[in-house]
Amino acid sequence: MNETAPPRDSGMTGPPPLVPLATLIGREIRSENLSLPVVRYGHAALAKRGEDLFLVKTDCQRIPGNPSSPFSVFAIFDGHNGVSAAVFTRENLLEHVMSAIPQGIGREEWLQALPRALVAGEVSGTTATFVMVDEWTVTVASVGDSRCILDSQDGEVSLLTVDHRLEENEEERRRVTASGGDMGRLNLCGGQEVGPLRCWPGGLCLSRSIGDMDVGEFIVPVPHVKQIKLSNAGGRLIIASDGIWDTLSSEMAAKSCRGLPAELAAKLVVKEAMRMSGLKDDTTCLVVDIIPADHSVMQPALKKPQNKLRSLLFGKGSQNSLNKMTKMSSVGAVVELFEEGSAMLAERQAHVALPDIQEIDPLHKEIPPFKSKPSLP
């Protein structure tokens, strides 16, 4: 049998080979999946009073019944004077927020509506830090003193919440005083003042919480809300109750667990807090890694050289540097999409409806001296 030799390449190229449609679709899906982040989390806690609760829900859907519309929720509820308010809020807050978002809208419109749904929220319950993660977009709502921080890939640590402690938040002290609230510390026999600054009646040291019906109208349940979009380098969220933050600074907590898987990282943060001060309060920590699909673990942060002049001017522990969102980093932009912190619901709703009109704060007035409470018996 004679065999015909294959023709020599004449230098002319023919049409490209046909690729089956199923292969093209598969390539597109794989490419899209690689552009979406993977969310991994860890949890650790130690109980003193048993009033800390947490929520992790990774199977949420923007469109009920549609698995291609996922988002995740992570939250910490730090109860006081009992756990019932924290239980109620954990069971009902997500449903309440979802009911405030219009149905039948696309993902971008949904993300734009989400922080406004949290702004308008009026729910009874407890102190709460509530985090929703949709791909690279992170939305945080908080009342009280549980904190959420972002540890980005360049080692910058940003505070995504505002602590509502009267002792530390001058703006909230102004608001409470202007509203007619009475602030002071506990008085021991002999007139010695002890403990943190409190609002009376009730004696709560927080200016915002959910519930606490016995403390009057000065303590409000209106959350501070911030929404950001991460770069595709991702980032790590550390959400924890005050049992952590009373001992560790934001930078210390971030540094203590860098380069570790989320589950181990949460345990390390709690362990570091216990090592430094022991178990003085309920201590709960959630670590959430939002990372590229081709990363198995959050990569160690590359800390930028410290600006010595900035340190001299502002100091390492500057509250402004913590509260200010990092706009740019060496690994890409972290974009702030939304922030609202006013305690006045009417003021906030007007701000939402008219975003181009700058909010005016009428409460910046002279603060009278704090009044001490009657001596304890």
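Structure summary
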read-out: Qualifying residue in region 159-172 (condition: part of a loop (DSSP other than H, G, I, E, B) and in contact with a Gly (Cβ under 7 Å, 6 or more places away or on another chain)); value: yes
read-out: Residue in region 95-106 that is hydroxyl-bearing (S, T, Y) and surrounded by 16 or more Cβ atoms within 10 Å (Cβ to Cβ) present; value: no
read-out: Strands (runs of 3 or more DSSP E) contained in region 186-268 and holding at least 1 residues small (G, A, S) and open to solvent by 20 Å² or more (accessible area, probe 1.4 Å); value: 193-200
read-out: Matching residues, region 48-72, being outside any strand (DSSP E or B), touching a strand residue (DSSP E or B) at 6+ places or on another chain (Cβ under 8 Å) and closer than 12 Å to T284 by Cα; value: K48, E51
read-out: Region 280-296 - residue that is at pLDDT below 95 and either out of contact with any helix residue (DSSP H, G or I) (no Cβ under 8 Å at 6 or more places or on another chain) or part of a helix (DSSP H, G or I) (or both) and, of those, most open to solvent (accessible area, probe 1.4 Å); value: S296
read-out: Residue match in region 209-219 (condition: farther than 22 Å from C257 by Cβ and aromatic (F, W, Y)); value: yes
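The values are calculated or read from the model by the stated rules, or taken from the named source; none is laboratory data. Quantities reported herein were computed from a predicted structural model and do not represent experimental measurements. Please note: Cβ atoms are built from the backbone with ideal geometry, for glycine as well, and neighbour counts cover all protein chains shown. Protein only, heavy atoms only, side chains kept; ligands, DNA and RNA dropped before computing areas. Shrake-Rupley method; radii C 1.70, N 1.55, O 1.52, S 1.80 Å.
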